[in-house]
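This report concerns only the one structure given below.
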Amino acid sequence: MVLFKLKSSISPLASIVSVSCALLSGAALADTLVFDITKNSVDDYGEESVQMETRQGNLSIYALGLDEKQLQMLMSAKPGQCLSIRSPNAMQADNGFYVIDDIERIDVVACQATAPRGGAADALGCVLKNGKTVMVSDLYGQPTYQYGSAAKVELTLPGTHTGSKFTKGTQMFAGGGASYLQFTNKNYSYVIYSGIGKGWDFEGLLIYKNDKQIGYQRCKEVPNLLEQVDFDAINAPMDEENYFIGPPG
């Protein structure tokens, strides 16, 4: 059951005041972004908000500010569809979340691959200290994880593993931070991790079973695994369950 109410009609005077305030506050802040939906369930909605997951980040939209057409459009949006949302205010992600209080227009649009910055590499990887190679290719299209050697590729994700999931994430630490790419297959996660903090740094592969780290391998020679790629353009949603991911030890 949807618990929020739709926006009531506004008097002409209130409309004039609203428009005047918008002009005074600077309409130049108006913003339009396209969101590629990965999950949209009414069960996830709050009492006053529409909540959905997209490749660009999680959306939280103030529902009491929506008219009936806008609400129905959001509720009927399906994974794989893209929504163009226009707001009178600038929309910026905060920790992987877009919080949108006011919407002027919503349109269903064709999904397009996010264009990486000029010169950005479309793959990354390294030779690990155990002699195996880890690589992620087609970062801005259909990212694929591979692990193994020239003689034998031991694991490919997604490959035939239809239940696999790919996310990206960032972390902040005292004295540094980290970025990572995570491929999850059932209860195992394979994380390409690049980070630095007080007294440590790590470039390489972390392996988890559920939330427990069960192995890791450092790269032999790589200054920064993610330095040559456009992290924002990588075709993956932000990971919001990264509480257990971290450097070895």
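Taken over the stretch 183-194, the criterion of being of a type outside the set (A, V, I, L, M) and at pLDDT 90 or above is satisfied by Phe183, Thr184, Asn185, Asn187, Tyr188, Ser189, Tyr190, Tyr193, Ser194.
When the stretch 127-154 is examined, which residues are found to be surrounded by 13 or more Cβ atoms within 10 Å (Cβ to Cβ) and closer than 23 Å to Met238 by Cα? Within the stretch 127-154, Val134, Met135, Val136, Ser137, Leu139, Tyr140, Pro143, Thr144, Tyr145, Gln146, Tyr147 meet the criteria. Residues that are farther than 21 Å from Asp230 by Cα and either in contact (Cβ under 8 Å) with a residue 12 or more places away in the chain or surrounded by 12 or more Cβ atoms within 10 Å (Cβ to Cβ) (or both): does the stretch 113-126 have at least one? Looking for residues that are farther than 21 Å from Asp230 by Cα and either in contact (Cβ under 8 Å) with a residue 12 or more places away in the chain or surrounded by 12 or more Cβ atoms within 10 Å (Cβ to Cβ) (or both), one finds none in the stretch 113-126, hence no. Restricting attention to the stretch 77-86, the residues being surrounded by 15 or more Cβ atoms within 10 Å (Cβ to Cβ) and either modelled with pLDDT of 90 or more or closer than 17 Å to Glu240 by Cβ (or both) number 2.
Residues that are acidic (Asp, Glu) number at least 1 in the following strands (runs of 3 or more DSSP E) confined to the stretch 124-203: 153-157.
Considering the conditions (1) in a loop (DSSP other than H, G, I, E, B); (2) more than 19 Å from Asp122 (Cα to Cα), Gln228 is excluded by exactly one of them, (2).
Quick check on my filter: what residues within the stretch 79-103 are closer than 17 Å to Ala236 by Cα and assigned to a loop (DSSP other than H, G, I, E, B)?
Initially, the stretch 79-103 is screened for residues closer than 17 Å to Ala236 by Cα, giving 79-83, 93-98.
Result: Pro79, Gly80, Gln81, Ala93, Asn95, Gly96.
Residues of the stretch 52-78 that are in contact (Cβ under 8 Å) with a residue 12 or more places away in the chain and of a type in the set (Ser, Thr, Tyr): Thr54, Ser60, Tyr62.
Return yes when Ser179 is of a type in the set (Ser, Thr, Tyr), in contact with a Gly (Cβ under 9 Å, 6 or more places away or on another chain) and over 19 Å from Asn130 (Cα atoms) and no when it is not.
yes
The values are calculated or read from the model by the stated rules, or taken from the named source; none is laboratory data. Just so it is clear, the model here is predicted, and its values are computed rather than measured. Cβ sites come from the backbone with ideal geometry, for glycine too, and all protein chains shown count toward neighbours.
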